[in-house]
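Beneath this line is the structure, given in structure tokens, with notes to follow.
The values are calculated or read from the model by the stated rules, or taken from the named source; none is laboratory data. What you see is a predicted model; the values in this text were computed from it and never measured. All Cβ positions, even for glycine, are placed from backbone atoms using ideal geometry, and neighbour counts span all protein chains on display. Just the protein is used for accessible areas: all its heavy atoms, side chains included, with ligands, DNA and RNA removed. Shrake-Rupley method; radii C 1.70, N 1.55, O 1.52, S 1.80 Å.
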Amino acid sequence: MPIFVILALILYLFAGDPFGTRRAEQKDKIGFIILGDINEPGWNASHYQGIREAANEYGIDLLVRDKVTEHSGRCWNAVQDLAEEGCNLIYLCSYNYAPEVKDLINAHKKISFVTYSETVRLRNLTSCFVRMYQGVYIAGALAGLKTRSNVVGYVAAMPNPFVIQAINAFALGARRVNRNVKVVVAWTDAWADPEKERQNVQRLVNIAGADVISYYQDDHAVAEAADKMGVDFIGYNSELKGYSEHHLTDVYCHWGVFYRNILQSYLKGGLRDKQVFFLGLDNGVVALAPFSNAVPEEAKAKLKLLEEEIKSGLLIFSGEIYDVEGNLRCGAKESISDESLFTDMKWIVRGVEVLAHPNSIQ
């Protein structure tokens, strides 16, 4: 082919785009909607850092809408805004967002939506869950090994299947190593209410007699209160720094790994083929921070064995499990599926008590 024909063809193909920038202009955009401030330590900052890390790795533009209060109408506006901005994928990073914007998700059928909730099922909505209960089970075992009073406190946001699942796993882990331990739960009825969380730590220690504390909250007010009181505690949501030896460990997620899995599936076109998928210890998503020097070496060895058992396929919710009312919830040769854990777990295991709230929040 004559050289002038080749040159003419090249000029035609790249006319108006001599440096190949057209591809950059068509770069994927993903939207991210979250309840709190993305700079707030805990749930908000750790999720934002994880999705930012994954988006950067794949060269995807990330558009963020934070401080989007549930049940305020702001999630609806955020989804509309991100859709108009050209987002191909929108992540709804709060439990109650999907029910709020169900009709809007259904209207934007060309956009893929992802949520950390089981309450809505639509063709273009995928639920992505983390088996945090695996790490919480090990944390419960640590609490069971450390307690001297045989009372462990747990500050919990609200009784939905995710939180109850964590409470149950924590109690099962504690009772796996210490049959005499009791887990006492204090509800806050909020994802983040630092004052109520601090009050509940005081009540769990001073009224219930707990000498180890953990929690399921978006912030770290529980950790701060326990450390100030000189009580052993186990953190949640992120790896904490700067506390005393009473800080035993943390259960948290490598959210960058989590979001990479989502983006990989999305970019391969397979996200819509999965209504639900799960990630855990074996995927490198769930993790425990290094144990403090207050954890004896013998205890560390036992906990390491538990971790290896889980990675090898140990099903935490299997074998005989009774609820607090004495009902058999899982038979000796049965196990509870992940789907059931994330949708139907509305009962609490034997060995857990709820601390009556002074304002009747139970």
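Within the range 123-132, identify whether any single residue is at pLDDT 95 or above, buried (at least 21 other Cβ atoms within 10 Å of the Cβ) and hydroxyl-bearing (Ser, Thr, Tyr), and answer yes or no.
So far as the range 123-132 goes, no, none of its residues is at pLDDT 95 or above, buried (at least 21 other Cβ atoms within 10 Å of the Cβ) and hydroxyl-bearing (Ser, Thr, Tyr).
Anything in the range 53-76 that is under 23 Å from ALA192 (Cα atoms) and either among the aliphatic types (A, V, I, L, M) or part of a helix (DSSP H, G or I) (or both)? List them, or say none.
VAL64, VAL68, ARG74, CYS75, TRP76
Mind listing just one residue for me: the one in the range 69-116 that is out of contact with any strand residue (DSSP E or B) (no Cβ under 9 Å at 6 or more places or on another chain) and of a type in the set (Lys, Arg) and, of those, most open to solvent (accessible area, probe 1.4 Å)?
The qualifying residue most open to solvent (accessible area, probe 1.4 Å) is LYS110.
Name the single residue that is modelled with the highest pLDDT among those in the range 342-362 being in a loop (DSSP other than H, G, I, E, B) and open to solvent by 70 Å² or more (accessible area, probe 1.4 Å).
Ranking the qualifying residues of the range 342-362, first place goes to ARG350.
Hey, any hits in the range 318-325 for a residue that's in a loop (DSSP other than H, G, I, E, B), open to solvent by less than 60 Å² (accessible area, probe 1.4 Å) and on the phi < 0 side of the Ramachandran plot?
Scanning the range 318-325 turns up no residue that is in a loop (DSSP other than H, G, I, E, B), open to solvent by less than 60 Å² (accessible area, probe 1.4 Å) and on the phi < 0 side of the Ramachandran plot.
Cβ-Cβ distance below 8 Å, separation of 6 or more or different chains: which pairs start in the range 294-313 with a residue that is touching a residue at least 12 places away in the same chain (Cβ under 8 Å) and end on one that is part of a helix (DSSP H, G or I) and of a type in the set (Val, Ile, Thr)?
Hits for this filter: LYS302/VAL177; LEU303/ILE138; LEU306/ILE138; GLU307/ILE138; ILE310/ILE138.
Can you tell me which residue in the range 220-240 is nearest to the chain's Cα centre (by Cα), limited to those that are of a type in the set (Gly, Ala, Ser) and closer than 21 Å to ARG131 by Cα?
Here the residue is SER238.
What do you reckon, is GLU307 more than 26 Å from LEU125 (Cβ to Cβ), open to solvent by 30 Å² or more (accessible area, probe 1.4 Å) and outside any helix (DSSP H, G or I)?
Spelling it out, it is not the case that GLU307 is more than 26 Å from LEU125 (Cβ to Cβ), open to solvent by 30 Å² or more (accessible area, probe 1.4 Å) and outside any helix (DSSP H, G or I).
Being over 30 Å from ASP227 (Cβ atoms), touching a His at 6+ places or on another chain (Cβ under 9 Å), touching a residue at least 60 places away in the same chain (Cβ under 8 Å) and crowded, with 19+ Cβ neighbours inside 10 Å: is that true of TYR259 here?
yes
Taking only the range 158-188 into account, find how many residues are within 23 Å of the chain's Cα centre (by Cα) and either at pLDDT 95 or above or under 13 Å from VAL352 (Cβ atoms) (or both).
Final tally of qualifying residues: 19.
Of all residues in the range 193-234, how many are in contact (Cβ under 8 Å) with a residue 60 or more places away in the chain and open to solvent by less than 50 Å² (accessible area, probe 1.4 Å)?
Number satisfying all stated conditions: 19.
Can TYR243 be described as more than 19 Å from the chain's Cα centre (by Cα), farther than 30 Å from CYS128 by Cα and among the aromatic types (Phe, Trp, Tyr)?
yes
If I go through the range 164-192 residue by residue, how many of them are more than 26 Å from SER94 (Cβ to Cβ) and open to solvent by 10 Å² or more (accessible area, probe 1.4 Å)?
Final tally of qualifying residues: 8.
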